Structure formats: C-alpha cells, structure tokens
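Inspection log for the structure reproduced underneath, given as structure tokens.
The values are calculated or read from the model by the stated rules, or taken from the named source; none is laboratory data. Predicted model only: the values in this text are computed from it and were never measured. Virtual Cβ from ideal backbone geometry, glycine too; neighbours counted across all protein chains shown.
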Amino acid sequence: MRQISTDKAPAAIGPYCQAMVHGDMVFTSGQISLDPVTGEVVGDDIVSQTKQVMANLVAVLNEAGTSPEDAIKTTCFLADMADFAAFNGIYAEVFTGKPARSCVAVKTLPKNVLVEVECIAVIK
C-alpha cells in the first residue's frame, strides 16, 4: 500500500491521508471545499462548494494515477438534501462514467461545509 499526497488538494485536517492505493485501486478520503493553498472554505453555496470539492477530488485521483472516468464508487454527504439537484448537476459533469454512488444527508460536516465526497477508483 502507498499513501497519496498532493499539494493540489488540501492537506488532511486530521490523522488520515488524502488517499491510499492498494494494488490497482485508490481509496480517497472525503474531500471538502477547502482551498489547497489557504486551507479556507471556498464558497458559501452548494454550487461553489461542490466545484471546489470536485477540483480537490480530481487532484487526488490524478496524483494516484487515475481519474473520475475510472471511478467505480462514490459516497456523497450533503448537509441538506434540498441541495441535491444543484449538487447532482456539478457531480454529473465530473463523473461522466456514472459510477455506483451513495448520497446521504448528514447533520454536520467538517468546518460546517455543505458537501463532502469520497471515491474508489481503478488505476489502469
């Protein structure tokens, strides 16, 4: 196994890494809407936060040698299911291969963000 770390995505804010590779699979940690440089939350609405989450997630996947097209499963956490449609629009632009997905509403996310996404992908 090997840890993935890139400065193109925010550093972990706890005792975990951005992703782990095992064999030809990458397992990302949940990505939230933090700016990789400042560590501050980007945006205060679901669209801007989702765009930053996707940029962070793509950066981690790319560092691992894969991309959203090779995703097989995502897990998505929303602070409010009322944001589902707006979130889905951005998500669909990134995950064009339509991987398996779970999407749930949660009470609170780190730094009170509106969205978090994690991914499992194949490295080809």
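Would you check if there is a residue in segment 7-22 being in a loop (DSSP other than H, G, I, E, B), modelled with pLDDT of 95 or more and β-branched (Val, Ile, Thr)? No: segment 7-22 contains no residue that is in a loop (DSSP other than H, G, I, E, B), modelled with pLDDT of 95 or more and β-branched (Val, Ile, Thr). Among the residues making up segment 1-44, those that are of a type in the set (Gly, Ala, Ser) and exposed (fewer than 11 other Cβ atoms within 10 Å of the Cβ) are Gly14, Gly23.
From the set of residues in segment 23-73 that are hydroxyl-bearing (Ser, Thr, Tyr) and assigned to a helix (DSSP H, G or I), which is farthest from the chain's Cα centre (by Cα)?
Here the answer is Ser48.
Among the residues of segment 100-122, those that are without any contact (Cβ under 8 Å) to a residue 60 or more places away in the chain and assigned to a loop (DSSP other than H, G, I, E, B) comprise Val106, Lys107, Thr108. Residues in segment 88-99 that are assigned to a helix (DSSP H, G or I) and of a type in the set (D, E, K, R): Glu93 only.
Go through segment 85-103 and give me each residue that's of a type in the set (Val, Ile, Thr) and within 21 Å of Val41 (Cβ to Cβ).
Ile90, Val94
If the condition is being among the small types (Gly, Ala, Ser), touching a Gly at 6+ places or on another chain (Cβ under 9 Å) and free of Cβ contacts under 8 Å to residues at least 40 places away in the same chain, then segment 1-58 contributes only Ala11. Count of segment 7-43 residues, restricted to those that are touching a Lys or Arg at 6+ places or on another chain (Cβ under 9 Å), within 16 Å of Ile120 (Cα to Cα) and of a type outside the set (Val, Ile, Thr), is 3.
Can you say whether Ala85 is modelled with pLDDT of 95 or more, closer than 24 Å to Ile123 by Cβ, among the small types (Gly, Ala, Ser) and part of a helix (DSSP H, G or I), as far as the supplied structure shows? Criteria not met by Ala85.
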